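Visitor: Structure below; questions to follow.
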């Protein structure tokens, strides 16, 4: 059975509290396909930490496809919590925990619920780095270096420049619009992220080209 057909059986309910975004509808399936080829789908009770869960749309889509993985959503903005909880409540496989507040610019020991080192098998972060200050990208890798088990993976998704090249024109225009809105925002270069990764015990393992000129990056804890 194809992944698309399986989804029709997995998602029978919908809560009015859920917030959905067109971009999430568009990219959830490609993200799921990328994840499913890179995670252990048989070992029970693996742990995945999602940073910046937003509306919860992605975790709500992904968790039923990987029932052996416990998903822990987090978010900095409290306005999103009701929607994340709605996705967790409606999850047919019951493997989404309640969200908690996490400021990724701060050390994980200072989060609302302090996290123990080496407590996660996976981390996931979607479309955050380009709409947050650089300190948040640094914090994301710091958290991965602390919280992932050795050999654990962090998956990040969004637009990225590579070796000082950003294309096509739509990504260049997007980057300019971000920096006009906030000079601390902007599409990040994988070259710069590699430096931060090395400083935090992480290494880039794989780059997948995704629809709409995005990339799916896999980082491994050394």
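Visitor: Just give me the residues in region 33-53 being in contact (Cβ under 8 Å) with a residue 40 or more places away in the chain and either in contact with a helix residue (DSSP H, G or I) (Cβ under 7 Å, 6 or more places away or on another chain) or assigned to a helix (DSSP H, G or I) (or both), in sequence order. Give the derivation first.
Guide: Applying the first criterion (in contact (Cβ under 8 Å) with a residue 40 or more places away in the chain) to region 33-53 yields 34-35, 38-40, 46-53.
Those that are in contact (Cβ under 8 Å) with a residue 40 or more places away in the chain and either in contact with a helix residue (DSSP H, G or I) (Cβ under 7 Å, 6 or more places away or on another chain) or assigned to a helix (DSSP H, G or I) (or both): 34, 35, 49, 50, 51, 53.
Visitor: Just checking, does region 135-143 include any residue being free of Cβ contacts under 8 Å to residues at least 60 places away in the same chain and farther than 26 Å from residue 110 by Cβ?
Guide: Taking region 135-143 first, the residues free of Cβ contacts under 8 Å to residues at least 60 places away in the same chain are 135-139, 142.
If we keep only those that are farther than 26 Å from residue 110 by Cβ as well, we get none.
For region 135-143, residues free of Cβ contacts under 8 Å to residues at least 60 places away in the same chain and farther than 26 Å from residue 110 by Cβ: absent.
Visitor: Only one of these is part of a helix (DSSP H, G or I) and either surrounded by 12 or more Cβ atoms within 10 Å (Cβ to Cβ) or in contact with a helix residue (DSSP H, G or I) (Cβ under 6 Å, 6 or more places away or on another chain) (or both): 205, 192. Name it.
Guide: Just one listed residue meets the conditions, 192.
Visitor: Just the residues that are in a loop (DSSP other than H, G, I, E, B), at positive phi and over 13 Å from the mean Cα position of the chain (by Cα), please, taken from region 114-171. Steps first, please.
Guide: Let us first name the residues in region 114-171 that are in a loop (DSSP other than H, G, I, E, B), namely 114-119, 127-128, 132-133, 159-160, 163-164, 166-168.
Add one more test, that the residue is at positive phi, and what stays is 118, 127, 163-164.
Of everything in region 114-171, those that are in a loop (DSSP other than H, G, I, E, B), at positive phi and over 13 Å from the mean Cα position of the chain (by Cα) turn out to be 118, 163, 164.
This table checks each residue for (1) surrounded by 15 or more Cβ atoms within 10 Å (Cβ to Cβ); (2) touching a residue at least 60 places away in the same chain (Cβ under 8 Å); (3) touching a helix residue (DSSP H, G or I) at 6+ places or on another chain (Cβ under 6 Å); (4) closer than 20 Å to residue 20 by Cβ.
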site: 79; (1), (2), (3), (4): no, no, no, yes
site: 83; (1), (2), (3), (4): yes, yes, no, yes
site: 101; (1), (2), (3), (4): no, no, no, no
site: 107; (1), (2), (3), (4): no, no, no, no
site: 112; (1), (2), (3), (4): no, no, no, no
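Visitor: Please go through (1) surrounded by fewer than 19 Cβ atoms within 10 Å (Cβ to Cβ); (2) assigned to a helix (DSSP H, G or I); (3) at pLDDT 95 or above for residue 94 and return the number of the only condition it doesn't satisfy.
Guide: (2)
Visitor: Hey, can you tell me all the residues within region 38-64 that are out of contact with any strand residue (DSSP E or B) (no Cβ under 7 Å at 6 or more places or on another chain), buried (at least 19 other Cβ atoms within 10 Å of the Cβ) and farther than 13 Å from residue 126 by Cβ?
Guide: Residue satisfying the conditions is 64 alone.
Visitor: Separate question: Quick one: in region 208-222, which of the residues that are over 22 Å from residue 146 (Cβ atoms) and surrounded by 14 or more Cβ atoms within 10 Å (Cβ to Cβ) is nearest to the chain's Cα centre (by Cα)? So that I can check it myself, show each step before the final result.
Guide: Here is the first cut: in region 208-222, the residues over 22 Å from residue 146 (Cβ atoms) are 208-216.
Still in the running and surrounded by 14 or more Cβ atoms within 10 Å (Cβ to Cβ): 208, 210, 213-216.
Working: 208: 15, 210: 15, 213: 17, 214: 13, 215: 12, 216: 10 Å.
The qualifying residue nearest to the chain's Cα centre (by Cα) is 216.
The values are calculated or read from the model by the stated rules, or taken from the named source; none is laboratory data. Source: prediction; values computed, not measured. Note: ideal-geometry Cβ built from the backbone for every residue, glycine included; neighbour counts use all protein chains shown.
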